[in-house]
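Structure first, then comments.
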Amino acid sequence: MEADGRPSWDNPAQFILACVSYAVGLGNMWRFPYLCQMHGGGGFLIPYLIMLVLEGIPLFYMELAVGQKMRLGSIGAWSAISPYLGGLGIASVVTSLYLCIYYNVVIAWAFWYLFHSFQAELPWAECPANDNLTEQEEECGVSSPTQYFWYRETLNITSSIEEGGGLHRGQTLCLLMAWMVVYLCIVKGIKSTGKVVYFTTAFPYVVLLIYLIRGVTLHGAANGIKYMFMPKMKELASPTTWINAATQIFFSLGLGFGSLVAFASYNQPHNDVQRQAVAVSLINSGTSIFASVVTFSIYGFKATFNYESCLDRVKVNLLNSFDIAEDAITKENISSWVTELNSTYPDQFASLSQQFESCNLESELDTAAEGAGLAFIVYSEAIKNMPVSQLWSVLYFSMLLMLGVGSMLGNVMAISTPLHDSKFLSRRLSSEALNGLICIFCLLAGLGFTTRSGNYWFTIFNDYACTFSLLFIVFVEMVGICCIYGLKRFEKDIEDMIGHRPNWYWKIVWAGVGPVILIGLFLFYMIAYITGGTPTYQAWDKDLGKSLPKEHPLYAQVCIALLPLSSILCIPFCAFYEYIQRKKNRGPEERVVSCPLTPREACRRSGPVTAPASTGTCSVVSATSEIPPLQINK
C-alpha cells in the first residue's frame, strides 16, 4: 500500500486539522445553540454527550478506518468491500454534490456582510430613508433594521416561492468569489488543502476566544450564560430531545458524506486512526459547547438590551400619561408603579393599556433562532449595539467565512477523490482541471439560490437534500461492514493498521447499538414526514414585516421527494446492476472433483482440465457432462 503512488498528508497533524476544520462548521455556531436553548439549556447536554458516546465516535472511527484501509475514495472503498456496495459510495457523492451546490451560498452571504462591514455606520444599524427622504422605509419600520437588511438588501426576497425574480447581482458576484476561494484551496488536492487547514482551523478559535472575552464583559451576558446552563430536566423525558441530540451529533461530525473516507484514504497505512477519531470527535463537541457559551453571552446582551429598551418606553409612557416626578420611576421599581397606577386609576390605565408593552426578560431569552436567522439577524442585531461595532462585525463574518471554507474543503474532496481514483478520468484530466470542473459545475448549479426566490429553494435543500439520505447511507455502511464484509475481518484489518483489535465497546456499538439508533431516527423522520401533512415554508411578508407559513406548491413537493430518493436509490440500483452483470458474465457451471489418490489420472478422466494437473482438484467445464466412473489401477 505504501508503494501505490498515492499522495499522503505531510504529517498526522494535517489529517487531524483537516478533520477538525471539516467537522467544526456552521452547525456548531447556529444549530447547537438553538437546540440547547430549545431543549432546556444544560439539560440538553446530557443526551448530547450520551449520543456522542453511543453513536458519534464509533461511526466516525468506522469511516476513518474504512478509508485508511482501502486507500480509496468512497466509491472505490465500498466497492472493494463488496461490489454490491458500490452504490453506497455513489450515494455519498450525490449527497455531497447537493451539499456543495447550496452550502457555498452561506459563504457568499458572509462575503456580502463582510464587505458591508467596512462602513462608517453598519447598514443594518438604522432603517434607510424612503424614496422621498421624508421618513424611513415602511418595510423596515414594521420589521427591524437587521431584518430589513437581510430580507430586502441581502436576499431581495419575493413574497413566495412561486415568484421567481431575476438574479441578485451582488449575491452572484459573492458566490463566484466564494467558489474561487474554495478552488484555490483545493487546486492541488491535499498538497494545497494540507496547508490551508492550518489557517481555516485556527482562525475561528482565535475569533471565538476574542468574542468570549468580549461577550462575558457585555451588560447582561450573565443572564444568557445562566439561561444556557440552567437545566430543565423535564426535557429529558421528551423523545424529541434525544432524537435531536442524536441528529446533531450525526450531522455535526459529517458522517455519511464520504469526506471522512476521502481524508483517511491519504493516511499512512499504520496511522493510529482510533486515537485520532476519538480526539476529533471530542474537539468537535467541545467546540459546540464553547461556541454556545459565546452565543449565549451575546443572547444575554441582546435580550437584556431589548428588555431595558422596553422598560424605557414604558417609563416614558407613564411619565407622559400621569403626573409623576421623572426620577421617581426606575427600571427596578417600574413594575410596582404599573401595578399601583393600575389600581389607583383603573379607567385611565385601561384606556392607555394598548400603549404599554409587556416587558419580560425571560420571554426575550426564550426567543429561539437557528440557521441563517441566528447567524445573520440575531448576531447582527447584537453587533450593532456594541462599541466599535465595525471591528466586531469584521471578526465575526471572517470567522463564518473560515468555518464555511473549512467544511467546503471536505465536501469537495468527497466528490473529487472518487473521481481522481477513476483511471478513466485520471488519465485524461489533471488534478487542477478536474477540481476546476467540479467547482464550475457547482457554481452554475448554485446560481439558482442567488435569485430573489432562491432562499426558499436553499431552505428546501438544507432541510431535505441530506438529512434522510444520510441516515440510510450510514445504516447501510454499518450493515455492510458487520454482515457483508464481516466484523471479524474488519477487526483484523484494524489490527493490521494500529497493532491491536478494537475492544468490546466498538464492536457492540457497530453491530448492535448503532443500527438500532439509526433505525429509530429513520422511523422518526418517516413518521414526521407522513404525519406532517403538506410541507410548508416561511414566506416573507413585507407588509407585516415578518415570515408567515405557506404550503409548498406541487412542483416543490416533487423536488422534496426526489432529493433524498435520487441518492438513496443509487444503492439498490447499483447492487441490482452488479447482480445482472455477474449473472450475464457467469459461464457454465463448474464442478470440482476431489482426487484423493492420483490427481493426474482423475483429471484425465474428469473432462477438459481448467486447473493445473498437479493440484488435488479439477474443474470440469460442464456440469452436465458425463464423468466416467473412476477406476483405481492397482
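The values are calculated or read from the model by the stated rules, or taken from the named source; none is laboratory data. No experiment lies behind these values; they were computed from the predicted model shown. Note that each Cβ is placed from the backbone with ideal geometry, even for glycine, and that neighbours are counted across all protein chains shown. The area values use the complete protein model at the heavy-atom level, side chains included, leaving out ligands, DNA and RNA. Shrake-Rupley method; radii C 1.70, N 1.55, O 1.52, S 1.80 Å.
Per-structure values
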item: Single unsatisfied condition, ALA80 versus (1) in contact with a Gly (Cβ under 8 Å, 6 or more places away or on another chain); (2) open to solvent by 30 Å² or more (accessible area, probe 1.4 Å); (3) assigned to a helix (DSSP H, G or I); result: (1)
item: Test: VAL197 is within 30 Å of MET70 (Cβ to Cβ), of a type outside the set (D, E, K, R), at pLDDT 90 or above and open to solvent by less than 10 Å² (accessible area, probe 1.4 Å); result: no
item: Positions within the stretch 493-511 being outside any helix (DSSP H, G or I) and more than 29 Å from the chain's Cα centre (by Cα), in sequence order; result: GLY499, HIS500, ARG501, ASN503
item: Residue tally, condition without any contact (Cβ under 8 Å) to a residue 12 or more places away in the chain and either hydroxyl-bearing (Ser, Thr, Tyr) or buried (at least 24 other Cβ atoms within 10 Å of the Cβ) (or both), over the stretch 423-434; result: 2
item: Checking GLY42 against (1) surrounded by fewer than 24 Cβ atoms within 10 Å (Cβ to Cβ); (2) of a type outside the set (Ser, Thr, Tyr); (3) over 30 Å from THR295 (Cα atoms); (4) touching a residue at least 12 places away in the same chain (Cβ under 8 Å), the condition it does not meet; result: (3)
item: Flag for ALA65 being closer than 20 Å to ILE249 by Cα, open to solvent by less than 20 Å² (accessible area, probe 1.4 Å), over 20 Å from the mean Cα position of the chain (by Cα) and not aromatic (Phe, Trp, Tyr); result: yes
item: The listed residue being out of contact with any Pro (no Cβ under 6 Å at 6 or more places or on another chain), assigned to a helix (DSSP H, G or I), over 18 Å from LEU59 (Cα atoms) and hydroxyl-bearing (Ser, Thr, Tyr), out of SER566, SER547; result: SER566
item: Pick from the stretch 435-447, criterion more than 10 Å from ILE186 (Cβ to Cβ) and either in contact with a helix residue (DSSP H, G or I) (Cβ under 6 Å, 6 or more places away or on another chain) or of a type in the set (Ser, Thr, Tyr) (or both), ranking: surrounded by the fewest Cβ atoms within 10 Å (Cβ to Cβ); result: ALA445
item: Restricting the stretch 272-292 to residues that are open to solvent by 20 Å² or more (accessible area, probe 1.4 Å) and in contact with a Pro (Cβ under 9 Å, 6 or more places away or on another chain), the residue that is farthest from LEU52 (Cα to Cα); result: ASP272
item: Residues being surrounded by 14 or more Cβ atoms within 10 Å (Cβ to Cβ), under 53 Å from the mean Cα position of the chain (by Cα) and assigned to a loop (DSSP other than H, G, I, E, B) - total across the stretch 315-332; result: 1
item: Test: residue in the stretch 246-258 that is touching a residue at least 40 places away in the same chain (Cβ under 8 Å), open to solvent by 50 Å² or more (accessible area, probe 1.4 Å), more than 30 Å from GLU491 (Cβ to Cβ) and in a helix (DSSP H, G or I); result: no
item: Neighbours by Cβ (under 6 Å, 6+ apart or cross-chain): first from the stretch 501-515, in contact (Cβ under 8 Å) with a residue 60 or more places away in the chain and over 17 Å from ILE50 (Cβ atoms); second open to solvent by 60 Å² or more (accessible area, probe 1.4 Å) and assigned to a helix (DSSP H, G or I); result: none
item: Out of PHE60, PHE44, sole residue that is assigned to a helix (DSSP H, G or I), touching an Asp or Glu at 6+ places or on another chain (Cβ under 9 Å) and modelled with pLDDT of 80 or more; result: PHE44
item: Hits in the stretch 121-156 (condition: free of Cβ contacts under 8 Å to residues at least 60 places away in the same chain and closer than 22 Å to LEU395 by Cβ); result: GLU121, PRO123, GLU126, GLU153
item: Residue count, the stretch 106-136 (criterion: at pLDDT 85 or above and either of a type in the set (Asp, Glu) or part of a helix (DSSP H, G or I) (or both)); result: 13
item: Which listed residue, of MET408, MET402, is open to solvent by less than 10 Å² (accessible area, probe 1.4 Å) and either in contact (Cβ under 8 Å) with a residue 12 or more places away in the chain or over 22 Å from the mean Cα position of the chain (by Cα) (or both); result: MET408
item: Residue in the stretch 206-220 that is farther than 30 Å from LEU419 by Cβ, within 21 Å of the chain's Cα centre (by Cα), modelled with pLDDT of 85 or more and of a type outside the set (A, V, I, L, M, F, W, C) present; result: no
item: Cβ pairs under 7 Å, 6+ apart, first in the stretch 173-196 and assigned to a helix (DSSP H, G or I), second at pLDDT below 95 and open to solvent by 70 Å² or more (accessible area, probe 1.4 Å); result: GLY194/ASP10
item: Any hit, the stretch 114-129, residues being farther than 22 Å from SER389 by Cα and either open to solvent by less than 50 Å² (accessible area, probe 1.4 Å) or more than 23 Å from the chain's Cα centre (by Cα) (or both); result: no
item: Search result, residues across the stretch 252-300 that are more than 18 Å from LEU403 (Cα to Cα) and polar (S, T, N, Q); result: SER265, ASN267, GLN268, ASN271, GLN274, GLN276, SER297
item: Selection count, the stretch 68-77, where residues are open to solvent by 10 Å² or more (accessible area, probe 1.4 Å) and either within 20 Å of the chain's Cα centre (by Cα) or basic (Lys, Arg) (or both); result: 2
item: GLY166 vs. criteria buried (at least 17 other Cβ atoms within 10 Å of the Cβ) and out of contact with any Lys or Arg (no Cβ under 6 Å at 6 or more places or on another chain); result: no
item: Close pairs from the stretch 27-38: first closer than 12 Å to ASN284 by Cβ, partner among the hydroxyl-bearing types (Ser, Thr, Tyr) and part of a helix (DSSP H, G or I), Cβ under 7 Å, at least 6 apart; result: GLY27/SER252; ASN28/SER252; ASN28/THR287; ASN28/SER288; PHE32/SER288; PHE32/SER292
item: Scan of the stretch 562-589 for residues that are under 30 Å from LEU155 (Cα atoms) and either touching a strand residue (DSSP E or B) at 6+ places or on another chain (Cβ under 7 Å) or open to solvent by less than 40 Å² (accessible area, probe 1.4 Å) (or both), ordered by number; result: LEU563, PRO564, SER567
